[in-house]
Amino acid sequence: MGRSNLCEDREAKRYNHVAGILTGGFREKQLTTRDISRKTGIPERTINERLQHPETTRLEDLYKLCDVAGVRIVFELKEVPE
């Protein structure tokens, strides 16, 4: 019998997806944590913490990290109100 998705932690899955996209961008550009820190002004330890626990990332930091990683943030409405 297959597993049920009722217990799936959708939030954690989303947070980890964002962290993975950022990490991929940093790797593609061959950036170290030190490089990212210099470009964003965010301490190295905080960058590591944000990537390991993306749910703690402030919006301000997210935008800075995305800019350095070459990632664009796009928000869409699930349903457009009339």
Checklist outcome for this item: For LYS78, counting only lysines whose alpha-carbon sits under 30 Å away and dropping same-chain residues fewer than eight positions off, the answer is LYS13, LYS64
Checklist outcome for this item: With x for Gly and Pro, the residue-by-residue ³J(HN,Hα) of the stretch 67-75, computed from phi through the Karplus equation 6.51 cos²θ - 1.76 cosθ + 1.60 at θ = phi - 60° and given in whole Hz, is 4, 5, 6, x, 10, 9, 9, 10, 10
Checklist outcome for this item: The percentage of the accessible area of the chain (probe 1.4 Å, all protein chains present) made up of carbon and sulfur atoms, to the nearest whole number, is 48 percent
Checklist entry - Roughly how many Å² is the accessible area per residue of the chain, as a whole number, for a 1.4 Å probe? => result 86 Å²
Item to check | the chain: calculated mean residue ellipticity at 222 nm from DSSP helix runs of at least 4, using -39500 (n - 2.57) | outcome: -17500 deg cm²/dmol
Checklist outcome for this item: Of the residues LEU31, GLY41, GLY20, the Cα lying farthest along the dipole of the chain towards its positive end, which is defined by charges on the beta carbon of Lys, Arg, Asp and Glu, belongs to LEU31
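The values are calculated or read from the model by the stated rules, or taken from the named source; none is laboratory data. Just so we're clear, the structure is a prediction, and the values are computed from it rather than from any experiment. Here the Cβ is made from the backbone with ideal geometry for all residues, glycine too, and neighbour counts use every protein chain on show. The protein model used for the area step is the full one, side chains on, heavy atoms only, and it has no ligands, DNA or RNA in it. Shrake-Rupley method; radii C 1.70, N 1.55, O 1.52, S 1.80 Å.
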